[in-house]
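Structure record follows, encoded as structure tokens.
The values are calculated or read from the model by the stated rules, or taken from the named source; none is laboratory data. Because the structure is predicted, anything quoted here is derived from the model rather than measured. Because the Cβ atoms are built from the backbone with ideal geometry, glycine has one as well, and the counts that use them run over all protein chains shown. Ligands, DNA and RNA are stripped out before the accessible areas are found, and what is left, the full protein with its side chains, is counted by its heavy atoms. Shrake-Rupley method; radii C 1.70, N 1.55, O 1.52, S 1.80 Å.
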Amino acid sequence: MMVDSYTIFVYVISYIGLFTACFYLLSLRAYYSKPQPRSTLLPSVTIIIPAYNEEVTIARTIDSALALNYPRAQLEIMVIDDGSKDRTYALAKDYQQNGVHVFTKPNGGKGSALNFAIHRSKSEIIVTMDADTFVDPQCLRKMVALFHSPDVMAVTPSMVVHKARTFWQKVQQVEYSLGVYLRKAFSSINVMHVTPGAFSAYRRSFFVTYGGFDEHNITEDTEIALRIQDHDYVIENEPHAIIYTVAPRSFRELLGQRRRWYTGLLKNVWAYRRLFGLRKGLIGIFSLPLAFFTILSTVFLTSYFFIKTFDNLRHELNYLQSINFDFINTLDLNLYIVRYFAYMLFSYKIFLFSLLFTIFIGAYLYFSKRHVPKQEGLFSGFFLFIFFYGILFAFWWIVSFFYTLTNRKVVWRTVKHAD
């Protein structure tokens, strides 16, 4: 009975996944089939760079902001040192001679640093920029062009990994590249639920009317996006606006980042649970419910695969022991275990459906490469992503569910590396 239930579940989630992939594909096609409005105005812009212990990357980030192709009279750059214990403030102060406004304040978190700058800015557009982000010079012009309607309250760019070198960065590189497609697909039907802190633009009027960033929120970029959706405004995306972010290099760094992201998402979605339902349209009846269905399905299938495989492997090894079969050495045993896992993986029905979704992933990456052509190593990262991302994704979510349910504290943990 368990096998039958599992099979039915696999067919159900595969059908839903296929329907979803086609729905977003058709939505994006419909979006591009009609002329897209663009504003020709160049409003005043303030770029806010909150920084805490960012001495490794802060100079390059400021240089990147200064190199933006935007009228200097319309552009203000603010660096807010949030009580750093390293040379961040001293390095940033060197840029005051370039017209950069540099402030320091006691440590209060990213949200408080952003609000500190928003209160001192008079610009029409507020851009938040992480201190480990580097942007294409044309990025800002392309983003502000999408503030074509007063209902547009935020615009997001395309995010890609800066110099993916390690195994973990290569997996993230493919994930971020897929995000280029997905973020545009989401924005085509206005179901975006996060405005990445790395480099997102907002109308200042939204903060004036509805308040600044939540200073006690560990994912303030998710909270502000859900707040924008809650007030029935629009979040746009410009895939040709390219930014590069420094991705975690090790498993420990990556786990810390995802634990914060996913725990923050769970808490924010619970706080904005009123977004679910018919009243909020597609985000309430399709996007958010489907996102959590996907998360839970991935966790269930991955857990089931490992539990079932380990149980079968245990019985198999017990049987071999009972007939006095002995492995030559430890290496021989390990190879047997690896082969057994591979056999079990390829024999599960979900594997056949995974091949179909691999084709969709390839199509998404093609979309990404057309908009962000300079992405090296995507091919090798693609295979790492296919074989390992599902397992990592499920593990990150299991950890995040545990932290959320036990109300454990999640804090920022950043480790910076020079290029």
- Query: Where does the chain land on the Kirkwood hydrodynamic radius, alpha-carbon pairs, in angstrom?
  - Reply: 23.2 Å
- Note on the structure: Residues whose built amide H sits under 5 Å from the amide H of ILE47, excluding neighbours closer than 5 in sequence, are GLU76, ILE77, MET78, VAL127
- Note on the structure: To the nearest Å², the heavy-atom accessible area per residue of the chain with 1.4 Å probe amounts to 49 Å²
- Task: Starting from the alpha-carbon convex hull of the range 131-275, give the projected area averaged over all orientations, in nm².
- Result: 8.7 nm²
- Charge dipole of the chain built from unit charges on the beta carbon (Lys, Arg +1; Asp, Glu -1), centred at mean Cα; most positive-end Cα among VAL127, PHE395, HIS315 is VAL127
- Message: For LYS142, give me every one of the aspartates and glutamates with a C-alpha distance below 17 angstrom, ignoring sequence neighbours fewer than eight places off in its own chain.
- Response: GLU124, GLU236, GLU238
- Query: Packing-wise, with mean Cβ within 10 Å as the measure, how do 30-38, 112-120 rank, highest first?
  - Reply: 112-120, 30-38
- Item | 32 Å Cα-Cα threshold exceeded, pairs from LYS85/LYS163; LYS110/LYS308; LYS85/LYS122 | LYS110/LYS308
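Rounded, prolate or oblate: pick one for the range 162-206, where a ≥ b ≥ c are the square roots of the eigenvalues of its C-alpha gyration tensor, a/c under 1.5 means rounded, and failing that, prolate if a/b is larger than b/c, else oblate.
oblate
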- Task: Check the straight Cα-Cα distances from LYS280 and name the lysines below 25 Å, setting aside those fewer than 8 residues away within the same chain.
- Result: LYS34, LYS184, LYS267
- Item | Mean separation of Cα contacts under 8 Å, 6 or more apart, over the residue count of the chain: relative contact order % | 19 percent
- Roughly to the nearest percent, how much of the accessible area of the range 216-349 is carbon and sulfur, given a 1.4 Å probe? 63 percent
- Going through the DSSP H helices of the chain, which span 18 Å or more along their own axis at the Cα atoms while scoring at least 0.0 as a mean Kyte-Doolittle hydropathy? 2-32, 288-322, 330-347, 349-371, 378-405
- Message: Given points 7 Å out from each Cα along the Cα-Cβ axis, report the PHE401 to ARG141 separation in nanometres with one decimal.
- Response: 4.8 nm
- Can you give the Rg to Rh ratio of the range 217-283, both from alpha-carbon atoms, with Rh computed by the Kirkwood formula? 1.05
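What's the carbon and sulfur percent of the range 11-72's accessible surface, probe 1.4 angstrom, rounded to a whole number?
Looking at the range 11-72 in its full context, I get 65 percent from C and S.
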- For the range 231-239, in order, what is each residue's ³J(HN,Hα) by Karplus, 6.51 cos²θ - 1.76 cosθ + 1.60 with θ = phi - 60°, in whole Hz (x at glycine and Pro)? 9, 6, 9, 10, 10, 9, 9, 10, x
- Using amide H atoms built 1.01 Å from N in the peptide plane, name the residues 5+ places from LEU146, or on other chains, whose amide H lies under 5 Å from its own. SER39
- Task: Compare the Cα positions of LEU18, GLY99, ILE80 along the charge dipole of the range 1-107 (+1 at Cβ of Lys, Arg; -1 at Cβ of Asp, Glu; about the Cα centre) and return the one farthest towards the positive end.
- Result: LEU18
- Query: Per-residue accessible area for LEU25 at 1.4 Å probe radius, Å² rounded to 10?
  - Reply: 90 Å²
- Task: Could you run the Karplus curve 6.51 cos²θ - 1.76 cosθ + 1.60 with θ = phi - 60° over the range 76-92 and give me ³J(HN,Hα) per residue in whole Hz, x for Gly and Pro?
- Result: 10, 10, 10, 10, 10, 6, 9, x, 4, 9, 10, 9, 4, 5, 5, 5, 5
- Message: Need one number: nm distance between label points at TYR32 and LEU355, each 7 Å from Cα along Cα→Cβ, rounded to one decimal.
- Response: 2.8 nm
